[in-house]
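Below is one structure, written out as structure tokens; comments come after it.
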Amino acid sequence: MDCISKRVAALAVSQTLAMSQRSQELRAAGVDVINLSVGEPDFDTPAHIKEAAKKAIDDNFTRYTPVPGYMTLRQAIADKLSRENGLHFDPAQIVVGNGAKQELCNVILATVNPGDEVIIPTPAWVSYVEMVKLAEGHVVELPTGIDTDFKLSPERLEAAITPRTRMIMFCSPSNPTGSVYTRAELEALAEVLARHPHVLVLADEIYEHINYTGTFTSMASLPGLEGRVIVINGVSKAYAMTGWRIGYCAAPLPIAKAVSKLQGQYTSGVSSIAQKAAEAAYTGPQQCVADMREAFRRRRDLVVELARRIPGLKVNEPQGAFYLFPEVSSYLGTRTPDGRAIDTDTDLAMYLLDDAHVATVAGSAFGTPGYIRFSYATSDDNLREAMRRIAEALGRLEGRKG
Ligand code: PMP
Ligand code: GLU
């Protein structure tokens with residue numbers, strides 16, 4: 001019986017989660033896999049945040065929560081947006097959901113009509129395209145490559161906008177490339193968007209704090225974009241809280257209300273306990289954020305240095321997030337010593353998993369074949385050993401070009 005809806009049948013499986021699951025299964029079967037696939041901080045959630053969650057249970061924060069989140073948490077988020085980003089959002093414009101992931105999807109479902117065009121510069125995080133497909137929107141991908149540091153130029157943006165463009169999705173610092181747009185680069189894009197007031201901007205700022213440039217510019221702070229930027233952020237990356245599932249959107253009021261209506265029908269408000277933990281994250285000491293960023297920066301330096309020693313990998317120096325996205329095309333069209341063909345980046349990622357026992361994610365999952373993503377949110381020892389295994393496995397491939 002064909003019982004799956006066309007909508008869900010057409011969706012791709014999340015490759016980041018699939019590779020991570022595969023690596024966990026291999027590990028459970030006794031294989032010593034190093035997991036550089038899923039992107040999540042390897043640190044424990046800071047103690048004061050965990051204490052706040054325990055207290056929330058004892059204080060009986062155990063009932064249904066308001067659909068858009070506790071007012072105290074939304075106020076803490078509004079205060080964060082004002083303090084750190086110079087943005088003025090009323091708590092009524094903020095909706096807390098099950099991670100940034102749910103709020104991205106909610107905003108898309110709340111704003112995109114079937115056939116509307118949604119511009120996505122690629123490489124882009126695996127879920128963007130699938131979320132737009134769920135809303136029956138039409139994805140307009142704008143491919144970029146390592147030679148331009150994976151950044152979109154104002155000219156290409158201008159050329160892609162049509163009267164049917166509903167939204168552009170934007171991610172800086174970027175998953176999967178680690179690129180961080182400068183304020184001047186963002187201003188140049190904003191100047192284009194200012195000429196097209198019918199276009200909404202969905203700005204995924206989840207890696208705001210994992211940024212080694214020393215400055216961060218929120219899209220919502222740029223002139224010409226007032227009232228049409230939806231900011232997405234959350235606690236997963238900055239506070240090592242991926243499992244707590246707290247993210248938010250800060251949006252123009254009608255969009256926030258629509259997101260809340262949607263959420264009210266299919267998930268309700270997020271876990272009371274996780275919300276109180278997130279409130280502690282935003283109102284408590286912030287040193288933990290800086291400490292984790294510093295650890296990620298050190299690891300970035302290490303992994304870039306090690307990757308640059310591997311012949312044939314083209315490696316940029318990511319300025320944020322915790323991913324390296326080298327170009328690997330010189331290894332495509334090769335063969336393993338036992339004769340398996342490595343024709344695509346997916347073949348290469350599978351070879352690295354099966355033969356080197358290092359889990360990565362193929363660039364095609366992010367819309368950009370010919371690349372591989374490594375998450376370096378793991379220990380120095382793991383990174384050294386993983387890069388040693390990768391170098392060795394790549395060195396065994398026969399017929400490399402160049
Ligand atoms: N956006 C990007 C670019 C991400 O990498 C992630 C991480 N999965 C998310 C959104 C979602 O984060 P979360 O749902 O854990 O808040
Ligand atoms: N952002 C992470 C990644 O890209 C988490 C996994 C996911 O939700 O896709 O690997």
Exercise for the section: Mind jotting down the distance between the C-alpha centroids of region 46-80 and region 282-336, whole Å? Expected result: 33
Exercise for the section: Working from Cα positions, state the angle (0 to 90°, nearest 10) between the long axis of helix 272-283 and the longest principal axis of the chain. Expected result: 90
Exercise for the section: Would you tell me the accessible area of W244, worked out with a 1.4 angstrom probe on the heavy atoms of the protein chains, in Å² to the nearest 10? Expected result: 60
Practice task
Just subtract the alpha-carbon distance of V13 and T213 from 0.36 nm times their residue separation and send over the number in nm, one decimal.
Solution key: 68.7 nm
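How many percent of the accessible area of the chain is carbon or sulfur, using a 1.4 Å probe?
53
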Problem - Helix 183-194 axis, angle to the chain major axis (alpha carbon atoms, nearest 10°) - result: 60
Practice task
Choose one of V231, I310, S271: the residue whose Cα lies farthest towards the positive end of the charge dipole of the chain (beta-carbon charges +1 Lys, Arg; -1 Asp, Glu; about the Cα centre).
Solution key: S271
Practice task
Leaving out ligands and nucleic acids, note down the accessible area per residue over region 312-358 with a 1.4 angstrom probe, in whole Å².
Solution key: 33
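Report the charge-dipole magnitude of the chain in Debye, nearest 20, computed about the Cα centre from +1 at each Lys and Arg Cβ and -1 at each Asp and Glu Cβ. Working shown, then result.
Working: 42 positive and 47 negative charges, 88 e Å.
With Lys and Arg at +1 and Asp and Glu at -1, about 420 debye.
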Handout entry: Length added when fully stretched, A290-C3, from 0.36 nm per residue minus Cα-Cα
Key = 98.4 nm
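If you count only protein heavy atoms with a 1.4 Å probe, what accessible area per residue comes out for region 18-177, rounded to a whole Å²?
Accessible area per residue: 44 Å².
The values are calculated or read from the model by the stated rules, or taken from the named source; none is laboratory data. What you are looking at is a predicted structure, and each value in this text was computed from that prediction instead of being measured. Neighbour counts are summed over all protein chains in view; Cβ atoms, including those assigned to glycine, are modelled from backbone coordinates with ideal geometry. For accessibility, only protein heavy atoms count, side chains too; no ligands or nucleic acids. Shrake-Rupley method; radii C 1.70, N 1.55, O 1.52, S 1.80 Å.
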